[in-house]
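Every number here is computed from the coordinates shown, using simple stated rules; none is lab data. The model shown is predicted, which means the values in this text are computed figures rather than measured ones. Glycine also receives a Cβ, built like all others from the backbone with ideal geometry; neighbour counts cover every protein chain displayed.
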Amino acid sequence: MTATAYQINGMDITDLNTTPDSFTVESSSGKTYHVEYAGAGDSEAVDTWHCNCPARKTCKHIKAVANLVNALIDDDREQLSEWEIS
Ligand SMILES: [Zn+2]
């Protein structure tokens, strides 16, 4: 399966199609971070993600990936085609 890239809020996000899920996120400043699934949170409805950027709390990279993952889970073709760049 080939990687799929999306652009969300000015960030280029590549779905690496790994298990567990992981993504590269290239910020508008050109820095690339790695966001990966870090397991279910306290509630089963809340997934947690880890990003290797310097931010201590939930960063914009994780927020963008979470939005993307929700759209993928919902199979929201309209939203995904809007974001898809390759
Ligand atoms: Zn981050």
- By residue number, the members of segment 1-15 that are assigned to a loop (DSSP other than H, G, I, E, B) and within 20 Å of Q79 (Cβ to Cβ) are A3, N9, G10
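Is it the case that A71 is within 20 Å of E82 (Cβ to Cβ) and either without any contact (Cβ under 8 Å) to a residue 12 or more places away in the chain or small (G, A, S) (or both)? Spell out how you get there, then give the answer.
On the way: within 20 Å of E82 (Cβ to Cβ): yes; either without any contact (Cβ under 8 Å) to a residue 12 or more places away in the chain or small (G, A, S) (or both): yes.
When the stated conditions are applied, A71 passes them.
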- Note on the structure: Taking segment 22-78 and the residues there that are near the ligand (Cβ under 9 Å from one of its atoms) and in a loop (DSSP other than H, G, I, E, B), the one that is nearest to Q7 (Cα to Cα) would be S27
